[in-house]
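The values are calculated or read from the model by the stated rules, or taken from the named source; none is laboratory data. The structure presented is a predicted model; accordingly, all values stated were derived computationally and were not measured. Here the Cβ positions follow ideal geometry from the backbone for every residue, glycine too, while neighbour counts run over all protein chains shown.
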Amino acid sequence: MTQFPNLIKRVSHFVTSPRFWIWAVILFTIFVCFSITWLHYHEQDEIKHITNDLDLLGTARIDLIKGFLHTTQGEETSSPYDKSQGYALLDQSIDSFEETINEIEKNHPQYKNDELTHTALFRDQVENFKNILNLMVRSSVHDDNLQIKLRVTLYNLEQQANLLDLALRESLQERTNTWNGIFILMLGFILFLLSGLCFAVLYSMNLTETAFSQLKDTEQKYRLLAENAGDVIWTMDLFTKRMNYVSPSVFSLLGYTPKETLVLAPEDLMTLDSFHSIDTHLSDRIKAMESGDPSSRVEIFTVDLKRKDRTIVPVEVVTTLIQNEDGAVSGMVGVVRDISERKITESALQESEERHRRVLDTMLEGFQILTPDFGYLYLNDEAVKQSGYSREELMNSTLLEKFPGIENTPLFAALKNSLENKIPQIIENEFKYPTGASSWFTLRIQPIKEGLAVLSVNITDQKKSEFELIKKNTELEAALEELCASEEEIKHNYEELLKSQEKLFKSEEKFRNLADYTYDWEYLINPDLEFEYITPSVHRISGYNPEDFYLKNITLEEIIHPDDRDMYNIHIQNFTNPEKVEIFFRIITKENEVKWISHHCYPVYDKDGIFLGRRAVNRDITDKKLIEDELIHSYEELENRVRERTHELTRKNEELDKIKTILEENQERLDRAQHVAHYGSWDIILNTNEFHCSPELLRIFGYDPDTTTPDYDRILTRVHPDDREKSLDMIRKTIHDKSSGSVTHRIILPNGETRTIFAQIEYFSDIVGDSSRIVGSSQDITDINQAMEERQRITREIHDLYNNAPCGYHSLDGTGLIIRMNDTELSWLMYTREEIINRMNIQQLLTPESFERFKISFPIFIKTGSLVDLELTFVRKDGTTFPVKVNASAIYDESGNYIMSRTIISDITEQKKYDETIFKSLREKEILLKEIHHRVKNNMQVISSLLFMQARNLKDPAVIELLNESQNRIRSLALIHEKLYQSDNLDHIDYGLYIKKIIDYLFQSYNVTKDDITVNLNISSIYLDIDKAVPCSLIINEMISNSLKHAFPKGKKGIITIDMSADEDSFHLEYVDNGIGLPDDQILEKSSSLGLQLIKGLSKQLGGELDIIREVGTCFILVFPK
C-alpha cells in the first residue's frame, strides 16, 4: 500500500516535468507526420484506383461505340465495317464494364449493397445490354425490333456510364480537395497532372503525325491509279477555270502532253457547240449544288474534243463537283473516255435499220405481220391501202374483228395451218370485203417468231384480163363452129387457119418456153444506179437471183431485149424525173426466155426531201401479149378468107377488126420497146452455126458495137487463155446434156486490163425438133467482187470490235432472256456462248440482292428506254462474284413496242476495292479525330478543376477572381471540343447551341439566376469552324462575364441581348446589355482591363472590326469575315 502513493507521486512528477511535454510534442509531431504521410499515401492509392477505374470505363466506352458502328453498318455492301468484329468489340466492352464494376466494389465497399447507387444502376444496364446482345448473336435473321432495343439499351448504358464517370470524377475531386491545404502535396499533385497533360499533348502530336503519314500514302495510291488509268482523269479550279492536273493518258487521246494541256483553256480543247452547252449548264449546276441538291454533284454527258491534229473525237465525260469548307463549289474532277468506236457502230446499226424499214414501208406489195391471235403487229402503206381501213383502226384490233366471217374462208384456214404447222404457203385468193366488194390477191405466208408474215400482191386487173380473154376466145370458137356448120369452104379455111396457127405456135414456141406466171418483180435503185433492194420474185420472172444483181453478175440492161434497150436507156437518162413512169419492154431470162414486162417506177425521197433513188415494179405480161398476138393473126387470116362469102363473116370480121386495132396498138408499143432495149446476151443456132449477140456483149468484150460484126471466134479470142478451155467445156457439156450451166472466166481487154465475167448458158430446142440453139449471157462482175471483199472486211472488223471490246455487251428481251453477248463478257462469266444465248435469264447471273434491284429498274428501263450507272453483282460459273456498272438503251419497233436492250457492262472490281479502302481510312480518321477532341476537352476540364481547387485555398479575392475568370475561359474552350466530338461533322459546330451552354455555365459560375438577368438570344443557323469558334467564344465569354460582374451592381435586374447572323461574306455579332455601361475612362485602345484587351486582340485575330456604343448600357458590334 505504501508503494502505490509513491508510484502516483513519481508519475505525477514525470507528467509535470518539461521533458515529458517536450517528448510528448516530439512524439505527437512524429505521429502526426506519420499519420499525415500514411493518409496521404492512402489517398493517393484511392486516387489511383479511381483513375484506373476511369481509364477502364473510358476504354470500354470506346470499344462499345466501335462495336456498335461495326454491328449496325457492317451489313452494307460498301461499308468498311465488319459485323463479326463488332460483336467481338461489344463482348469486350461488356467484359470491361463488368471488370470496372468489380474494381469499384472491391476498392469502395460502400457501393456494394446500395441499390440506388450509380454502380447498381450501371450493373443493371450492363446486364440488359448483355442479354439483348446475346439474343442478336443467336438470331439467324435480321430483326429490326432487336436493333431498336439494342440502340435504346446502348443509349441508356451510355447515359449511365456518363453518370458513373461523373460520380467517379466528383469523388476524385472531393478527395483531392481534402488535402488542398498541404502545399507541397498540392504542388506535387499539380506537377503530376501537368506531366500527364504534357504526355497527352505529346501523344496527340504523335497521333496527328501518323494520320498525316497515312493521308500521304493514300494520296500516292490515288496518283498512281490516275497516272495508269486508260481514261483521262483531270481536276479543275472553277475560280480560274483552268485545269491543275491531267493524267498522262491525255496524250493517247488528244495528242497533247499533260503540260501542254494544263496551259490550254477548256474552249481550246472542245468544239464551240460543246463548250457553250457545258458552260451554260455549269452555272445552274453549281447553284443547285450549293443549295443542297445532291443530284447535281455527279453528271455524265457527251462532248466533242479537238485533237492536236485538229480532228474531232467524241468522248463521254463524268464530272464531280468539289465543295470547300464553306460549302462553296471550288473545283471539279472529271474522267474522259473515248467513245469514237461506239459512235461508229451505233451509226452503222441505225443506218442499216433505217434502210430496211424504208424498203418495207415503200414496197408496192402489201406486207403485214400478224400475232398468234391474228392481231396486227405491223403493216406497210400498201397493206393498209389494201385493207380498206386506216392504220390506227387496224393496229388496235384483230383480223377476226375487222373482217367478220373470215374464219370460215380458205384464206383463214391457210393462215391457221401455217401458224400451227410452221410451214410457208403461196395461195391465190379472192378476198371479199365487208362492203361487198372483192379483190384477187396472191398471198405468200411465212411463219416467223412473232406470228405470221404475209406478202400480198393485188392481181385483180390480171384476173379481169384473163377472164375477158377467155370470154373472147369462147366467142371466137363459137363463131368458128357456126361458120364450119354453115359452109364447107369455111371449114376448109378454118383448117388452113389451124395450120397457120400451128406454124404460129411453132415459130413462137421459144416464147412459150420462156413464159412463167409469177409475182411482180420489185426493186429499189439508188442515185448511183446500184440496187439497194430486190424482191425474191425476180428469180421467178427472170431466172436470176437478187445476189446476181447485187454482185453485178448481171444488170437489168443486159437482160433487156436488144430491140428495147434504146427505149430503156432514154428512160434511165431521165432517172431523176419526179413523175411516175410506165414503159413496156422485153427481157431475156436466165433460161433465155423472152418475157414482156410492164415497168412502173417512181422516185423515192426521205423525210428531208433528199432523193434516194427510184422504186420500180416489173410485172410479167407475156401471156397476155402472146394471146393478143394469136388473136391478131387468127382474126386476120379468118377475115381474108371469109370476107367475100357471107355477110355473117363480114360482121364477125368487123368485130375482129376492132380487136385487131387493139392488138396492133399493143404490137406497135412492143416494137417501140424492142428498138430501145439493150441486153448483153448471145445465141448460136446449132444447125447453121449462126451467131447473134447483143451490143452490150460487144462492149463488155471491148468491141465497138457500131463497127464490129458479131463473130463467135472474135469473142472467144478475148477470153483469158487459162480460162478458154474451161468455157468451151461448159458449152460442150450444155449441148451434150441439153441442159443449162454457168461459168466464171476472165477476159483480157485491148488495154491489157483483166476483167472477171460471169456467163450463163442454156440449151433450147423447138417442139418439132428440127432446130435447136444455145443461149447465153455474160456479166462483168469485177467491181462486184471487189465490193463484196470490202464489205466482208468491214463486217469482220465490226464483228471483232463487238466481241473483243474492253467492256461487256449483251441484249435482253422483254422477259430478261439473254439473246446476245460478246466474247469479253462471256470470258468474265466463264460460260460458253451455247450455254447462255437464248438459254439463260439474267436472273441466273445475278446475286439475289442485285436481282431485286434489277426487278425494280428493268420495267422503268423498258418504259423510258435508258438505264444509267446501275451497280449490280454478277455470279460467274464457278460461283465467284464481281461488281459491274450497267448502262443500257432500249430498241423499239415502229409501234413503240420494246424489242431488246443494248447493254454495256463495265467491271468495277478494282474501283470498288479502292473506294472501300478510302472509305475505311476516312472512317478511322474520323473516329481518331473525335477521340482527340474528346481527350483535349477532358484535359481542359482537368485544368479547370485544378484552377477551381487552387482558388478554394486562396484568400485574396482578386487572385480568386482571376483564377475563376481563367477557369471560365478554359471551360468555354473545352465546350468547343465537346461540341466537335459530339457532332456528326468534325469541322464545325452549331454555334447557337454552344452560346446557350456558355450562358448557363457563366450564370452558374457567378451565382446569377435568369430571374435577375434575362438573356434574349437571336441566333440563326450559324456554324463555325474551330479556327473561328475559339476566339469568338473567348470574346463572348469576356462580354458576358463583364456584364455579370459590373453591369448590374447590387442585385439590379437587367437584360442581355445577343444577335448573331451571317451574309454571303461575313458574320455579324451584336452584344447589348442595359446595365450601367462602361466608365468614360475605359477606352478600348488604352484600356488596362484584361477582358477588354482580350476582346480587342481576339477581334483582330478574327480579322474583324469592333465598335463600342455607350448610349444605353453597353453595346459591342463585331463584324468578321467568313
Legend entry - Members of the range 985-1016 found to be in a loop (DSSP other than H, G, I, E, B), in contact (Cβ under 8 Å) with a residue 40 or more places away in the chain and under 55 Å from the mean Cα position of the chain (by Cα), listed by number: LEU986, ASP987, HIS988
Inset, instruction - For LEU264, work out the one condition from (1) part of a helix (DSSP H, G or I); (2) out of contact with any helix residue (DSSP H, G or I) (no Cβ under 7 Å at 6 or more places or on another chain) it doesn't fulfil. - result: (1)
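I'd like the residue in the range 1017-1028 that is part of a strand (DSSP E or B) and surrounded by 13 or more Cβ atoms within 10 Å (Cβ to Cβ) and, out of all such residues, is modelled with the highest pLDDT. Step through it out loud before you land on a result.
If we filter the range 1017-1028 for residues that are part of a strand (DSSP E or B), which is where we start, we get 1017-1019, 1023-1024.
Then drop every residue that is not surrounded by 13 or more Cβ atoms within 10 Å (Cβ to Cβ), which leaves 1017, 1019, 1023-1024.
Details: LEU1017: 88, ILE1019: 83, TYR1023: 83, LEU1024: 83.
Across the range 1017-1028, the extreme among qualifying residues is LEU1017.
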Inset, instruction - Considering each residue of the range 703-731, count those that are at pLDDT below 85, part of a loop (DSSP other than H, G, I, E, B) and not acidic (Asp, Glu), and give that number. - result: 5
Inset, instruction - For the range 779-801, state whether one or more residues are under 30 Å from LYS726 (Cβ atoms), under 55 Å from the mean Cα position of the chain (by Cα) and part of a strand (DSSP E or B). - result: yes
Inset, instruction - Would you mind listing the strands (runs of 3 or more DSSP E) fully within the range 819-928 where at least 3 residues are small (Gly, Ala, Ser)? - result: 881-892
Legend entry - Residue within the range 284-297 that is touching a residue at least 40 places away in the same chain (Cβ under 8 Å) and within 19 Å of GLN323 (Cβ to Cβ) present: yes
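Can you pull out every residue in the range 1017-1055 that is more than 23 Å from LEU1094 (Cβ to Cβ) and under 56 Å from the mean Cα position of the chain (by Cα)?
As a first pass, look at the range 1017-1055 and keep what is more than 23 Å from LEU1094 (Cβ to Cβ): 1018, 1020-1021, 1023, 1050-1053, 1055.
ASN1018, SER1020, SER1021, TYR1023, listed by residue number.
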Legend entry - Of residues in the range 617-633 being touching a strand residue (DSSP E or B) at 6+ places or on another chain (Cβ under 8 Å) and surrounded by fewer than 19 Cβ atoms within 10 Å (Cβ to Cβ), the one farthest from PRO546 (Cα to Cα): LYS624
Inset, instruction - Determine whether the range 262-278 contains at least one residue that is surrounded by 12 or more Cβ atoms within 10 Å (Cβ to Cβ), touching a residue at least 40 places away in the same chain (Cβ under 8 Å) and hydrophobic (A, V, I, L, M, F, W, C). - result: no
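With the structure loaded, tell me whether LEU415 is touching a residue at least 40 places away in the same chain (Cβ under 8 Å), crowded, with 17+ Cβ neighbours inside 10 Å and not in a strand (DSSP E or B) or whether it fails that test.
Yes.
Residue-by-condition table, conditions (1) farther than 23 Å from GLU522 by Cα; (2) of a type in the set (S, T, N, Q):
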residue: LEU415; (1), (2): yes, no
residue: ASN421; (1), (2): yes, yes
residue: PRO424; (1), (2): no, no
residue: TYR433; (1), (2): yes, no
residue: THR442; (1), (2): no, yes
residue: GLN446; (1), (2): no, yes
residue: SER456; (1), (2): no, yes
Legend entry - Search result, residues across the range 681-700 that are surrounded by fewer than 22 Cβ atoms within 10 Å (Cβ to Cβ), without any contact (Cβ under 8 Å) to a residue 60 or more places away in the chain and not in a helix (DSSP H, G or I): THR688, ASN689, GLU690, PHE691, HIS692
Inset, instruction - Hey, can you tell me all the residues within the range 545-555 that are free of Cβ contacts under 8 Å to residues at least 60 places away in the same chain and crowded, with 24+ Cβ neighbours inside 10 Å? - result: none
Legend entry - Every residue from the range 414-436 that is touching a Phe, Trp or Tyr at 6+ places or on another chain (Cβ under 6 Å) and among the charged types (D, E, K, R): GLU430
Legend entry - Criterion (in a loop (DSSP other than H, G, I, E, B) and not aliphatic (A, V, I, L, M)) met by exactly one of THR435, THR442: THR435
Inset, instruction - From the list ILE735, ILE748, ILE774, pick out the single residue that is in contact with a strand residue (DSSP E or B) (Cβ under 9 Å, 6 or more places away or on another chain), free of Cβ contacts under 8 Å to residues at least 40 places away in the same chain, over 30 Å from THR880 (Cβ atoms) and not acidic (Asp, Glu). - result: ILE748
Legend entry - Condition broken by THR1014, with the remaining ones in (1) farther than 29 Å from ILE960 by Cα; (2) at pLDDT 80 or above; (3) hydroxyl-bearing (Ser, Thr, Tyr) satisfied: (1)
Inset, instruction - Go through (1) farther than 16 Å from PHE441 by Cα; (2) exposed (fewer than 14 other Cβ atoms within 10 Å of the Cβ) one by one and return the number of the condition LYS385 breaks. - result: (1)
